[in-house]
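Chemist: Following this message is one structure expressed as structure tokens.
The values are calculated or read from the model by the stated rules, or taken from the named source; none is laboratory data. Computed from a predicted structure; not experimentally measured. Cβ placement follows ideal geometry from the backbone for every residue including glycine, while neighbour counts extend to all protein chains displayed.
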């Protein structure tokens, strides 16, 4: 008769977990002496957090790395809702990301 556990959205949870790992890596790289690679991990964490927010809002994720585009969208092209039945995964063109990675993080 207790409260039922909240169902989690696995793609969003995976994105947020991966973002946490990137933030942890950045924190470690910023320890003295700081390493410039921390910025890469911070960018990756921001992209993953934005991807999680976009999925939560029902928007399609893209391969864009420009944080402004990820936040504001493309002029005249956003918001793009998820196609029916895709669960956040779309696109089959060649990219630097593997299909497994795209499926794992629900990235187009």
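Chemist: Taking into account only those residues within the stretch 47-56 that are out of contact with any helix residue (DSSP H, G or I) (no Cβ under 6 Å at 6 or more places or on another chain) and either more than 12 Å from residue 9 (Cα to Cα) or buried (at least 19 other Cβ atoms within 10 Å of the Cβ) (or both), which is modelled with the lowest pLDDT?
Modeler: Ranking the qualifying residues of the stretch 47-56, first place goes to 54.
Chemist: Here's something else I'd like to know. For the stretch 27-55, give me each residue that is over 17 Å from the mean Cα position of the chain (by Cα) and in a helix (DSSP H, G or I).
Modeler: Result: 27, 28, 29, 38.
Chemist: Would you tally the residues in the stretch 28-38 being surrounded by 12 or more Cβ atoms within 10 Å (Cβ to Cβ) and either out of contact with any helix residue (DSSP H, G or I) (no Cβ under 8 Å at 6 or more places or on another chain) or in contact (Cβ under 8 Å) with a residue 12 or more places away in the chain (or both)?
Modeler: So the answer is 2.
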